[in-house]
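Engineer: Here you go, one structure.
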Amino acid sequence: MGGSDFTMRGRHGDAFSTYKRTVLRDYVDFQKDGTSGHLLNGASKDLGNPSWRRSLPHVLVAALSSFLFGYHLGVVNETLESISLDLGFSGNTMAEGLVVSTCLGGAFIGSLFSGWIADGVGRRRAFQLCALPMIIGALMSATTNDLWGMLLGRLFVGTGMGLGPPVAALYVAEVSPTSVRGAFGSLTQIATCLGLMGSLFIGIPAKEIASWWRVCFVVSIIPAVALAIFMQFCAESPHWLFKRGRAAEAETEFEKILGGVYVKSAMAELSKADRGDEVDTVKLSELLYGRYFRMIFIGSVLFALQQLSGINAVFYFSSSVFKNAGVPSDIANICVGISNLSGSVVAMILMDKLGRKVLLLGSFIGMAASLGIQVAAASSFASGSVSSYMSAAGMLLVVLAFSLGAGPVPGLLLSEIFPSRIRAKAMAFCMAVHWVINFFVGLLFLQLLEQLGPQVLYTIFATFCLIGAAFVKRNVVETKGKSLQEIEIALLPQE
């Protein structure tokens, strides 16, 4: 496929530029006729918005990768005890930590290469490639008899986990009609929540039934196989096809996801933003300094602050907080899951109404306030039982506030603000930053908690949330209701 692309590029270079001129001429005629006051990802004012029903199935298949991501994040939560007993590393905290963190190491590798893979073979093939290591890794983990087999399996699964989210964010932004892009972007977050909850439910019998953890790994193969098969029937991203000079195919895909009447206007939009610099490759140096630097900086800082708010520490650590409040761990996990899911559903409904920036701001401020409750719970003013209930309530509120904005918005927002030329690689870079910080937060959290105590640690997390709110206020632009091309033209400094 790659080879034929290069030869195609050579042959179709002229044809493509002629095609772009034709499309632009159509676009100008289209404007003169007065059939369009304003184009929106294939939606002119008179035509109204394209139906979301056409693109929904494609987005749902893509969301399977997020479901798998959530599932594998949570799968060792309930099962770690029985895995460590069966594989003979019980009581070895270093080994237990590795079972959790090898996955994150793999995810870092996967996310680093995701941009090059998504640009090289297309979004659909990238999804299929992300399913492959997840199938292999889950099989290895399910059938292993020692720690090394488990770690190798987790590493494989991790690479798939790293590849999935950035590609899903790209794909969803590129195939969704503008009017519902925010809601569709939140679907990936909801899928992640469902995956997490699914893994916790399936893990419940692990404490009673010997070797049940093997079943938990095997089950995850089903959605991974489904992702690989169904992606075959989904639309390829028209943005990617157009970037590769395959304009006729891009039209066909637009027809699939938007409907025939919107094809012409959607193609005109693409041509408007595309200034012919698409086919050359993006160098890493361009991302780190140059005209794209500010966007990459905003993206990386957003993901860094998302992790430094301590949210994953809260997820990893929820069981013990609830145990202190006298709540059994399975009920605790269900409470956290429901809190996460309900926040994500509300975010989906509000994303295209209130906008991304408002949700992010509210989310960071809400998290800071909820962490404040936990600081108060850890202080000497609160008595034993009151303190443990406050701590549990604070934790659920942190999760709820997170899922309203800081969870779903960064991935969606970045896939919107990055210009199509660098979109995949820039997403990959920012996701890699996210994984590095996630890894260190997971690694150091328990040690810091012992050395600093919960009050200081939660105060640090709350401070990062407030920094996050200030950063969003200053640097984040609102993208709701604008097509990807309009955002690109508005944000890019002209050369």
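The values are calculated or read from the model by the stated rules, or taken from the named source; none is laboratory data. Only a predicted model underlies this, so the values are computations on that prediction, with no experimental measurement involved. Backbone-built Cβ (ideal geometry, glycine too); neighbour counts: all protein chains shown. Side chains included, ligands, DNA and RNA excluded: accessible areas come from the protein's heavy atoms. Shrake-Rupley method; radii C 1.70, N 1.55, O 1.52, S 1.80 Å.
Engineer: Given Cα positions, please report Rg to Rh for the stretch 386-465, the hydrodynamic radius being the Kirkwood one.
Structural biologist: Working: Rg = 16.3 Å, Rh = 15.1 Å.
Rg/Rh: 1.08.
Engineer: Given the Cα-Cα distance of Ser51 and Ile338 and 0.36 nm per residue of separation, how much length would full extension add, in nm?
Structural biologist: Values: separation 287, 0.36 × 287 = 103.32 nm, distance 3.02 nm.
Extra length from Ser51 to Ile338 when fully extended: 100.3 nm.
Engineer: Top to bottom by accessible area (1.4 Å), largest first, where do Trp240, Trp52, Trp148, Trp212 land? Kindly include the intermediate steps, with their values, before the conclusion.
Structural biologist: Numbers: Trp240 0, Trp52 110, Trp148 190, Trp212 65 Å².
From most exposed to least exposed: Trp148, Trp52, Trp212, Trp240.
Engineer: Suppose R0 equals 41 Å. What FRET efficiency, 1/(1 + (r/R0)^6) with r the Cβ-Cβ distance, do Leu354 and Ala210 give to the nearest 0.05?
Structural biologist: Numbers: r = 50 Å, r/R0 = 1.21.
The value I calculate is 0.25.
Engineer: Of the peptides 458-465, 127-134, how do they stack up when ordered by the mean number of other Cβ atoms within 10 Å, highest first? Please list the in-between numbers first.
Structural biologist: On the way: 458-465: 20.2, 127-134: 23.1.
Going by the mean number of other Cβ atoms within 10 Å, highest first, we get 127-134, 458-465.
Engineer: Follow-up question, since we're still on this one. At a 1.4 Å probe radius, which order do Met348, Met367, Met197 fall into by accessible area, largest first?
Structural biologist: Details: Met348 55, Met367 0, Met197 25 Å².
Correct descending sequence by accessible area is Met348, Met197, Met367.
Engineer: (1) 17, 37, 28, 16, 2; (2) 24, 54, 20, 2; (3) 19, 44, 30, 7, 0, 0: which one is P(r) over Cα pairs in 20 Å bins from 0, in percent as calculated from this entry?
Structural biologist: Checked against the structure: label (2).
Engineer: May I pose another question? Over the chain, give the accessible area per residue in Å² for a 1.4 Å probe, as an integer.
Structural biologist: The answer is 39 Å² per residue.
Engineer: Highest mean first, what order results for 92-99, 333-340 on Cβ atoms within 10 Å? Please report the intermediate quantities before stating the final value.
Structural biologist: Working: 92-99: 14.5, 333-340: 20.9.
Highest mean packing first, the order is 333-340, 92-99.
Engineer: Using +1 at the Cβ of each Lys and Arg and -1 at the Cβ of each Asp and Glu in the chain, identify which of Ile117, Thr252, Gly310 lies farthest towards the dipole's positive end.
Structural biologist: Thr252
Engineer: Let me ask something additional. Looking at Val321, Ile422, Ser186, which one has the Cα that reaches farthest to the positive end of the dipole of the chain (charges on Cβ: Lys, Arg +1; Asp, Glu -1)?
Structural biologist: The one lying farthest along the dipole's positive direction is Ile422.
Engineer: Take the stretch 352-495, drop everything but the C-alpha atoms, weight them equally and run the Debye formula without solvent; then report log10 I(q)/I(0) at 0.19, 0.20, 0.21 Å⁻¹ to two decimals.
Structural biologist: Ignoring solvent entirely, the Cα scatterers give -1.17, -1.25, -1.32.
Engineer: At 1.567 mPa s and 4 °C, plugging the Kirkwood radius over alpha-carbon pairs of the stretch 65-177 into Stokes-Einstein gives what diffusion coefficient in µm²/s?
Structural biologist: In µm²/s, the coefficient is 90.
Engineer: For Val327, Val321, what's the largest-to-smallest order of accessible area, 1.4 Å probe? Provide the component values of the computation, followed by the final result.
Structural biologist: Details: Val327 35, Val321 15 Å².
Per-residue accessible area, sorted high to low, gives Val327, Val321.
Engineer: Can you give me the % of accessible surface on the chain that is carbon or sulfur? Probe 1.4 Å, all protein chains present, nothing else counted.
Structural biologist: Values: 13350 of 19480 Å².
Reported share for carbon and sulfur atoms: 69 percent.
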